[in-house]
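Read the structure below first, then the notes.
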Amino acid sequence: EIRKVFPRADFQLCTIHASRNFESEVREYDVDIIDSQLKQIFLSDDREEAIKRFNEFKNIWENKYPKQVYNLERKLNYLFTYFQYPKPIRRSIHSNIIEIMNKEIRRIKTIDSLPTEESAMKIIYLRVAELNEKWSHRVINGYFKCKDELMEMFSKRYP
């Protein structure tokens, strides 16, 4: 389990995928309003507002889509992790960069034609290394506005 290796790490589920998963299991004519309401929840100013909006959402949709609402509610702690972070960088956190990395790996078309699993792993490794190099120089939007706050936050977590 990943928590054994990274016991102090925060885990954030991708809010975009949570919304898409929810919307994929509802009637087509409800999708637009549900999408709008989920965006309002995930773009709330703080966790308390998000929970208030989720409870309103739950009151509206729980009878019509009980399983979907229940599944979303079970994941709220992992969907709202980004509220622990300073506001300027939250948008960068709640849609997960891991999802972007997975998409990039899936774009590798030559895997089917490689002779061994080891060959495929080498190609994946090289692509991940390339992305890591590219992204290592990337500055997250809003980072410099809250750099000191983040440094303090992580110095407490990793003394």
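The values are calculated or read from the model by the stated rules, or taken from the named source; none is laboratory data. In this text the structure is predicted, and so the values were computed from the model without any measurement. Positions of Cβ are backbone-derived with ideal geometry, glycine not excepted, and every protein chain shown enters the neighbour counts. Side chains included, ligands, DNA and RNA excluded: accessible areas come from the protein's heavy atoms. Shrake-Rupley method; radii C 1.70, N 1.55, O 1.52, S 1.80 Å.
Full extension of the chain between residue 43 and residue 113 gives 20.9 nm of extra length, using 0.36 nm per residue less the Cα-Cα distance.
Relative to its residue count, the range 18-99 spans a Cα convex hull of 91 Å³ per residue.
Share of carbon and sulfur in the accessible area of the chain stands at 53%, probe radius 1.4 Å. Here the 3J(HN,Hα) profile of the range 19-29, calculated from phi with Karplus coefficients 6.51, -1.76 and 1.60 at θ = phi - 60°, is 5, 4, 4, 4, 5, 6, 10, 10, 5, 4, 6 Hz, Gly and Pro shown as x. Accessible surface calculations at 1.4 Å, restricted to protein heavy atoms, place the chain at 72 Å² per residue. Plainly put, the chain has a radius of gyration that is 1.03 times its Kirkwood radius, both from alpha-carbon atoms, as the Rg/Rh ratio.
Against the longest principal axis of the chain, how steep is helix 31-42, in degrees 0 to 90 to the nearest 10, with axes from Cα atoms? Taking the Cα atoms of the chain, the angle to 31-42 is about 80 degrees. Modelled label positions at residue 62 and residue 145, each set 7 Å beyond Cα in the direction of Cβ, lie 3.5 nm from each other.
Potential lengthening of the chain between residue 104 and residue 124 amounts to 6.2 nm, from the contour at 0.36 nm per residue minus the alpha-carbon distance. Projected label points at residue 134 and residue 16, each 7 Å from Cα along the beta carbon direction, are separated by 1.5 nanometres. Within the listed set 134, 75, 145, the Gaussian network model of the chain (springs between alpha-carbon atoms below 10 Å) gives the highest mean-square fluctuation for 134.
Each peptide in 55-66, 35-46 was scored by the mean count of other Cβ atoms within 10 Å over its residues; highest first, the order is 35-46, 55-66. Computed from Cα atoms, the angle from the helix 143-157 axis to the main principal axis of the chain rounds to 90 degrees.
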